[in-house]
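Reviewing the structure listed below.
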Ligand SMILES: Cc1cc2nc3c(=O)[nH]c(=O)nc-3n(C[C@H](O)[C@H](O)[C@H](O)COP(=O)(O)OP(=O)(O)OC[C@H]3O[C@@H](n4cnc5c(N)ncnc54)[C@H](O)[C@@H]3O)c2cc1C
């Protein structure tokens with residue numbers, strides 16, 4: 001059976017690899033000239049830690065941040081009415097039942113995705129590139145810490161082993177935070193989380209997929225997905241119609257326009273996310289774990305001799321906002337003041353695509369030969385590895401290792 005995978009981000013490459021492993025004849029179509037160029041190589045690190053959207057504390061924080069200039073993530077007046085529609089849906093999902101459903105789905109995907117991510121790192125020979133370094137989520141505010149602890153206690157059954165650290169215990173796990181412990185209310189710690197440079201991961205995984213027999217057609221910009229009855233007729237690329245038995249859509253926000261043409265409405269919106277990377281000048285003053293600053297929504301990851309901060313998301317266009325550079329540098333200077341010169345860093349912005357419930361859209365559609373694996377901006381690369389494996393199992397007729405309940409596009413049918 002011939003399958004076309006549309007898009008060569010982490011989701012597209014991992015789907016192609018797993019499908020090929022299951023015996024399918026797989027072609028990947030991608031407009032860029034290499035895999036993973038669009039999002040993965042714009043300052044993205046990847047950690048297999050728990051998705052921050054899981055927490056009630058994060059949803060509340062996000063809503064508060066929508067109104068703040070330097071809060072995560074911010075609204076920008078005048079950048080389109082869709083952002084207000086998206087926020088309306090986010091608010092609607094904030095009922096206790098809505099949050100509980102999203103949390104269960106994300107935890108299901110995160111636990112599974114971590115395992116798949118580790119497996120793919122090993123298969124691609126990338127285990128030495130970052131590896132298991134743990135993840136610490138720091139809190140300045142006692143109330144937020146308590147909310148997050150309650151969220152994590154509900155998640156115990158999902159095997160995401162996590163422990164609470166009081167301020168005096170933080171330095172034992174992450175010595176570089178010892179000097180600022182008096183500012184912190186506490187932290188949550190996931191010892192098993194891994195961090196890998198996302199760009200390197202996408203490159204390594206595409207090499208693995210190619211060696212397994214996946215064909216990559218770069219420079220292929222998908223213009224249209226014509227449909228007839230309950231089937232997609234093909235993929236229009238540079239005016240020509242390419243055909244396969246099945247199509248897996250793993251695109252970014254541009255998926256929306258293509259799916260609109262098929263009458264499928266996906267409520268995902270793009271967030272601009274900022275990244276700042278700079279050289280470490282004092283190795284002992286820089287963290288070994290990945291650190292997530294809960295107040296600002298910023299992740300700090302060490303890759304060799306570089307420290308990378310990412311966050312400061314907003315519902316807006318692609319151009320970096322210079323104000324966000326200062327805000328990221330401020331987070332670095334607060335937590336790791338002696339690690340290096342944050343003002344000298346390289347600053348970038350990239351786009352993430354997020355649904356209002358934070359859960360990616362994964363599974364079948366009303367078209368019998370079209371499957372979706374999209375909107376991973378809120379859950380991250382490790383989850384994309386897990387959803388890819390889940391889809392390959394389904395298409396191969398095997399029983400997937402996780403349930404697909406509430407992951408597909410039909411969950412929005414009643415919204
Ligand atoms: C600055 C930044 C930092 C991040 N840091 C982290 C992190 O630390 N950890 C983490 O887990 N996640 C992080 N993320 C999120 C992560 O990058 C995304 O979750 C992930 O890249 C999503 O992968 P994807 O394959 O779904 O989408 P993408 O990587 O966006 O891939 C979609 C692909 O579709 C292609 N495409 C688009 N339109 C067409 C078309 N018409 N025809 C053909 N192909 C098309 C694009 O070129 C692209 O290659 C970060 C994101 C950003 C922007």
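Using 7 Å Cα-to-Cβ label points, what is the residue 323/residue 183 separation (nm, one decimal)?
For residue 323 paired with residue 183, the spin-label model returns 2.1 nm.
Given a Förster distance of 35 Å, report the FRET efficiency between residue 412 and residue 217 from their Cβ-Cβ distance, rounded to the nearest 0.05.
With a Förster radius of 35 Å, E is 0.65.
Quick one: compute the contact order of the stretch 348-415, relative version, from alpha carbon pairs under 8 angstrom and 6+ residues apart, as a percent.
Once divided by the residue count of the stretch 348-415, the mean separation gives 33 percent.
Normalising by the residue count of the stretch 190-331, find the relative contact order in percent from Cα pairs under 8 Å and 6+ residues apart.
17
If contacts are Cα pairs under 8 angstrom and at least 6 residues apart, what is the relative contact order of the stretch 286-415 in percent?
So the answer I get is 15 percent.
Run the numbers for residue 166 and residue 279: contour at 0.36 nm per residue of separation, minus the present Cα-Cα distance, in nm.
Length gained, residue 166 through residue 279: 37.7 nm.
Based on the alpha-carbon gyration tensor of the stretch 370-415 and its eigenvalue square roots a ≥ b ≥ c, which shape applies: rounded if a/c is under 1.5, prolate if not and a/b is larger than b/c, or oblate?
It is oblate, given that a/c is not under 1.5 and a/b is not larger than b/c.
In units of 2.2 N^0.38 Å, what is the alpha-carbon radius of gyration of the stretch 163-210?
Against the empirical 2.2 N^0.38 Å value, I get 1.75 for the stretch 163-210.
Mind ranking 174-186, 13-25, 292-304 by how tightly packed they are, going by the mean number of other C-beta atoms within 10 angstrom, highest first?
Peptide ranking by packing, descending: 13-25, 292-304, 174-186.
Taking the Cα of residue 149, stepping 7 Å toward and past its beta carbon, and measuring to each backbone N in the stretch 175-216: which are under 19 Å?
Residues passing the 19 Å test: 181-191.
How many angstrom lie between the Cα centre of the stretch 163-200 and the Cα centre of the stretch 217-283?
Computed from Cα coordinates, the inter-centre distance equals 36 Å.
Let me know the volume per residue of the alpha-carbon convex hull for the stretch 86-125, in Å³.
Spelled out: Cα convex hull of the stretch 86-125, divided by residues, is 61 Å³.
Compare the peptides 111-119, 247-255, 276-284 by average per-residue count of other Cβ atoms within 10 angstrom and give them in order, highest first.
Averaged packing, sorted descending, gives the order 247-255, 111-119, 276-284.
Coordinate-derived values only; no laboratory data. Please read these numbers as outputs of a predicted model, since none were measured by experiment. Cβ: placed from backbone, ideal geometry, glycine included. Neighbour counts: every protein chain shown.
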